[in-house]
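One structure is given here, and the rest of the page talks about it.
No value in this document is a laboratory result; all are computed from the given coordinates. On a predicted model such as this, the values are computed, not experimentally measured, just so you know. Reconstructed Cβ throughout: ideal geometry from the backbone, glycine too, with neighbour counts over all protein chains shown.
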Amino acid sequence: MSKVLVIGAGGVSSVCVHKMAMNAGIFSEIHLASRTRSKCDAIAASVKERTGQTVQTYEIDAEEVPALTRLIQQIQPKLVVNLALPYQDLPIMDACLEAGVDYLDTANYEPKDQAKFEYSWQWAYHDRFKEKGLMALLGSGFDPGVTSVFAMWLKKHKLKTIRQLDILDCNGGDHGQAFATNFNPEINIREVTAPARHWENGEFVETPAMSKKVAFEFDQVGPKNMYMMYHEELESLAKFLPELERARFWMTFGDAYIMHLTVLQNVGMTRIDPVMYQGKEIIPLQFLAAVLPKPETLGPTTKGKTNIGDIATGEALDGSGEKTFYIYNICDHEDAYAETGNQAISYTTGVPAMIGAAMMLTGAWTGDGVFNMEQMDPDPFMDMLNTQGLPWQVKELPGPVEF
Ligand code: NDP
């Protein structure tokens, strides 16, 4: 029985708060604060209607550390769950340290003026959390999050070492819009326009964005083109699985998405540096995000499934030589919408955020300091994925991937 404060009121937060309310035995009191209080109130109303549970709401700018610290001190939660944007990670960690409360997020810190994300800024908080006897859990979404837990489960139960790892993120959903992103457009476009990086023989190798394309047949989705990209879990996987010879991340995009993105890039609309417009500075990508469909509005029209998982090759635990396993989850957009009113991208992130919070609040995962998902026992998390709407399956492949 624990009190929790969730920050941010977008699609991911909506799913997470609904799932917390459905697990009232763990989350006995839910508080929700964000920049726009009406969005918190809308989530609270939906939670009340669907589960009968009450969610308390507040307005807060999470970048105002003293005000956020006061709010945390007033509520006195056991855990702060950060589902705002990556820009707010450090101020929210600062407020948690000040108020003496544990912290969890789903995406690593990114400065506003550079399209660059890495764990160094948050890992630098380790000693301060440790000294205060507090725990911070980083990246408890699907990717990062479940993809790292999948790798560690394979390492615990199937493979002695992981030589090669490929993370495959397929969204086979169709929202019926000419162009829209399934989560925050600004964060999404910054991520996909950044150069690709993969881990090979002890270092990151950089290639131009979207330059490596492979066709892959996804279970229950069908054939899709996937593109190699950089994704933040590659950094923590390379750190916590030092035996990795190669680790790559792939995401599927349709031809229409690529065409729109190419045009937007060519005309300068994805720039993140300020541009003067009618005497005022604007950031083109922020303006673009303001005119694109809001991800939380895509739920009612999105059909199809996501299929996200890991293919890992290494030496089998049972001594039977080299083996390759594929472990993945399939999530249906319409089922996700029916349950919480949000499409599967928000669902596949919000459910693991709730499970990570449950791990911390029930004491299944403990520690003093800043931790990544790879450092925790995968088993209780994997059990909850099965019971909380994201069941997974594992199968053996005939050999390593040929791409
Ligand atoms: P949204 O843009 O839909 O929601 C973000 C929310 O944060 C909004 O309610 C926004 O407020 C609020 N917010 C922004 N700035 C502040 C601030 N200064 N103070 C308080 N609240 C603020 O994003 P999503 O729900 O799609 O994504 C949420 C997080 O999840 C992001 O960090 C994203 O990177 C991460 N994510 C992780 C994934 C994973 O698998 N690990 C996958 C998908 C997303 P307002 O409503 O006023 O704009």
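Can you name the helices of the chain, as whole DSSP H runs, whose Cα span along the helix axis is 20 Å or more and whose Kyte-Doolittle mean is not below 1.0?
344-362
Would you mind ranking V214, V263, V47 so that the residue whose beta carbon has the fewest other beta carbons within 10 Å leads the list?
The fewest-first ordering by Cβ neighbours comes to V263, V214, V47.
Most fluctuating residue of Q177, Q278, Q56 in a GNM of the chain with Cα springs under 10 Å: which is it?
Q278
In deg cm²/dmol and to the nearest 500, what is the mean residue ellipticity at 222 nm of the chain if only DSSP H runs of at least 4 residues count, each as -39500 (n - 2.57), divided by the residue total?
-10500 deg cm²/dmol
Which one of H157, S38, G369 has its Cα pushed farthest toward the positive end of the charge dipole of the chain, where Lys and Arg give +1 and Asp and Glu give -1 at the Cβ?
Of H157, S38, G369, it is S38.
I'm a student and want to see the number: the projected area of the Cα convex hull of the range 72-163, averaged over all directions, in nm².
Hull-based average projected area comes out at 7.5 nm².
So what is Rg over Rh here for the range 2-138, counting just Cα atoms and using Kirkwood for Rh?
Dividing the radius of gyration by the Kirkwood radius yields 0.96.
Take the Cβ-Cβ distance between Q388 and Q76 as r, set R0 to 25 Å, and report the resulting FRET efficiency rounded to the nearest 0.05.
0.40
Mean separation of Cα pairs under 8 Å and 6+ residues apart, divided by the residue count of the chain: what relative contact order is that in percent?
In percent, rounded to a whole number, it is 20.
Running a GNM on the chain with Cα contacts under 10 Å, which residue among A95, A178, A338 ends up with the highest mean-square fluctuation?
So, out of A95, A178, A338, the one fluctuating most is A178.
Roughly what % of Cα-Cα distances in the range 351-400 sit above 16 Å, to the whole percent?
Pairs farther apart than 16 Å: 46 percent.
Shape call for the range 127-269 from the C-alpha gyration tensor, a ≥ b ≥ c root eigenvalues: rounded (a/c under 1.5), prolate (a/b greater than b/c) or oblate?
Because a/c hits 1.5 or more and a/b exceeds b/c, the range 127-269 counts as prolate.
Quick one: length gained pulling I283 to V263 fully straight, 0.36 nm per residue minus the C-alpha distance?
5.5 nm
With +1 assigned to the C-beta of every Lys and Arg and -1 to the C-beta of every Asp and Glu, and no other charges, what is the dipole magnitude of the range 147-230 about the Cα centre in debye, to the nearest 20?
Dipole of the range 147-230, to the nearest 20 debye: 420 debye.
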